[in-house]
1. What's the FRET efficiency of residue A:188 with residue B:35 using the Cβ-Cβ distance as r and R₀ = 30 Å, to the nearest 0.05?
2. For the stretch C:251-273 and the stretch A:335-350, what is the separation of their C-alpha centers, rounded to whole Å?
3. Suppose we compare each residue of the stretch C:247-262 in its chain alone and in the full protein complex with a 1.4 Å probe; which ones drop by at least 40 Å² of accessible area?
4. State, to one decimal in nm, how far the label point of residue A:18 lies from the label point of residue C:153, with both points 7 Å from Cα in the Cβ direction.
5. Report, by chain and number, residues whose modeled amide H sits under 5 Å from the one on residue A:226, excluding near sequence neighbours (fewer than 5 apart, same chain).
6. How many angstrom lie between the Cα centre of the stretch C:194-250 and the Cα centre of the stretch A:198-241?
7. In whole Hz and in residue order, list the ³J(HN,Hα) couplings for the stretch B:89-94 that follow from phi through the Karplus curve 6.51 cos²θ - 1.76 cosθ + 1.60, θ = phi - 60°; x for Gly and Pro.
8. With respect to the cross-link table entries C:53/C:250; B:166/C:70; A:61/B:166; C:53/C:112; A:300/C:127; B:70/B:99, which display a Cα-Cα separation exceeding 32 Å?
Amino acid sequence: MFKSIMAWVDERLPITEVIKSQAIEYPTPKNLNYWWNFGSLALMVLIIQLVSGIFLAMHYKPDAKLAFDAVEHIMRDVNWGWLLRYMHATGATFFFIAVYIHILRGMYYGSHRSPREILWWIGVIIFFLLMATAFMGYVLPWGQMSFWGAAVITNLMSAIPVIGEDLVVWVWGGFSVGDPTLNRFFALHFLLPFVVIGAVGVHVWALHAVHSNNPEGIDLEHKDTIPFHPYYTIKDLYGMGVFLILFCVFVFFAPNFFLEPDNYIQADPMKTPAHIVPEWYFLPFYAILRSIDFLGQMSKLVGVIAMGAAIAILFVLPFLDRSPVRSFRYRPISSKLFWIFVVDCFVLGWVGYNPADAVVLGSLPIVYVGRAATAVYFSYFFLLWFITVFKIERPLPVPKSL
Amino acid sequence: MSMVDQHEENRRDFLIMATSAVGAVGVAGAAWPFIRSWSPSADVLAQATTEVDLSSIQAGQMVTVPWQGKPVFILHRTTQQIEAARKDDGDASMRDPEKDAERAKKAEWLVLLASCTHLGCVPQPIGTGEYGGFLCPCHGTHYDTSGRVRKGPAPKNLAVPHHEFKNDKTLVIGKALA
Amino acid sequence: MKLLRIIQAALCVLLLLPFSVGVSLASSGGPALPQQSWGFHGPFGQFDTAALKRGAQVVVEVCLACHSLKYIKFDQLKQVGFTEMEVNALASTAGKNRKDALLSAMDADAAKESFGIVPPDLSLMTKARKGYENYLYGILTGYLKDEDKAAVDRALEDDTVSDAEVKELAMLLSMDPHHPDKIREVARRIKSGDNFNKFFPGNFFAMPAPLAADGQVTYRDGTHGSIAQMSHDAVTFLAWAAEPTMADRKSAGIKVILYLIVLTVMLYAVKRRIWARIHH
């Protein structure tokens, strides 16, 4: 019975064949390590965010007068509302943990190199969409950090010459962040995740067209591949179990760890908190923005450009790296640069968390640390190009097959 | 694939079955909070009962109070109204026969859900219909002084919501749920 | 080997934690907050019913004079262990009925007139300040005692504060002795009647000491109402008010984590069995 129904459907829409070729028999490198789990983990968090977000939207009110109370209504009155909200808030953090590791994995093993440039670009677009979605979502609880975060980030657009000021007013729908802003951010925060879903679909499509990279960074023969199911289905499921344990520890036992106390104070347009910080996942970019403060009038514009460039540079990364070898396993200089880059991202994050006028290590203004770390950030991309285009780096011998 | 142990492959693998079962329980469990989030929330449940102060309602007077978002008539019946209701207790022509004493816990207080059993309109106040009771303006149903349907298209008597007299002066409509 | 890798990944995530905690502690100036032990902290910590009931009494009798807890209704106090009669009694001390929220009798305009600001709502207070419960406890206990005030007055008797007196005051006020001018100015403000609090950023604020005397609240359970006791109880109650669902969250959390550990171990076993077909 089931077989004959499936046969009827398959004649018209080849579901069975697509599932078989793309999800079951799909040839996958047999040497993928656990860093390859973070793609499916990101997808899992995306689903958690979508489901919890849709249910939150059923209780939330995107109105400047009601939003803060609506969140407390969810926390206190709605059955399991606290779980929906803490899941969603913690989910944002874990989304970025998964995505950052996923991106760094790609950078280390050369997953962005030919022929996977388009796959990589779609990934960067997803990353960008995620940042926009997360930013607008953070505005919705309408606490002090929501409000002032929105004010600061939207004000970045005022750095754009000529049209900047008008553009900001247009985005706000008023003369400051207010009810119209909250309302449109809610609409976009609801819409964008579905755009992300679409982009993820294209990302997977592009992946399946060129197939997975692997830790060796080499093109594999068929004998070195295994069917996706059951090998990687079970490995991904196991990874999800581990990831969920960590996720739930935060959801149930430290749900406010990644939240700022100030966001439990209702938005007050008359009073800025003493020290405003973005969410941790924006801190490195925020630090880059603030470290450009030595250009007088031009500081603001250049800071915004630098921050944008810090993300945009990922688009050209596939063309900066000219080495004949993809994986950093066989690239002694690149791999060291990579780890310096990773540490540098943490340093930038730490700089971003601290007040702009903080003094560290005795008497060192933190802004100097920020400038140095910003220089290191961009140097990574320059040096990667430099050592490969002039063949300064000598790759180790790469095996032909596994 | 040649390395696959056919014997192992064909055996009903207990471990995989058990893991799938445990996983399925988890998915069902995870669905529960989402399903429950649609049920009335604590602040809604707190509205399950309405307290009414009866001391200011004179005999013959009727008030309409909201209860769970619906109108409820509270009628302080006069002796004549009580007698009129009791007199008809045995009327065989009644569509939905009920004794007045079953409907009014205390004879002088009649508590009715003001929703016509025909199509849900709110009937007009006491004294507007035949039998000295309530007239539903939509399709002309007449209810008597006990809220029983006597004439018109409605199939049933006006419902009497759950209510209790906390003391002589205070009426509680509804059952506490929170 | 693979397991080691996953542990590495988890460690990377955990790297974030000390890093942000360290920074947040380092960035708060002023004296270190008193580190009280809060029984409701930690994965198994639950609220102490007796402390909650005492705390509710302090909050209703003292805090509610100026502050509100708009997200809590008197009726909800049944959840912390009060009977309906006790709830009614508590509500009537505040001139309210049990279906009302814990709103202050003082209206916002009057408050603004006498304090310059509207006293903030306390429903979320333990979640809305850096330092959380310890900060609130610090605020409640961080005012000057009468003898400390007398010492400040003595120092200012001759209208000048000598260097020796600056040292003494620095100790008393938990201030940095290297800024004598600041200490002198603070001493003058204290003498003029401004409200000094060790733990409030900037030291002066609109709220006079709410818990000023031992035994200010006569506890129904007979506990002696020292300032420390009242403060601890009040903060415990405010922590409950900030998140009445905490107990549900933790009990659900323990079940969920135990379940996930079982499932993950099983998934790992299945994964090993399936992958054994390749690495033989």
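The values are calculated or read from the model by the stated rules, or taken from the named source; none is laboratory data. What you see is a predicted model, and the numbers here were worked out from it, not measured in a lab. Cβ atoms come from the backbone with ideal geometry, glycine included; neighbour counts cover every protein chain shown. With ligands, DNA and RNA removed, areas are computed over all heavy atoms of the protein, side chains included. Shrake-Rupley method; radii C 1.70, N 1.55, O 1.52, S 1.80 Å.
1. Details: r = 28 Å, r/R0 = 0.94.
Calculated transfer efficiency: 0.60.
2. Using only Cα atoms to place each centre, the spacing works out to 34 Å.
3. Flagged in the stretch C:247-262: C:249, C:257, C:259, C:260.
4. Each label point is offset 7 Å from its Cα along the Cβ direction, giving 8.5 nm.
5. A:28, A:30
6. 57
7. Running phi through 6.51 cos²θ - 1.76 cosθ + 1.60 with θ = phi - 60° gives 3, x, 4, 6, 7, 5 Hz.
8. A:61/B:166; A:300/C:127
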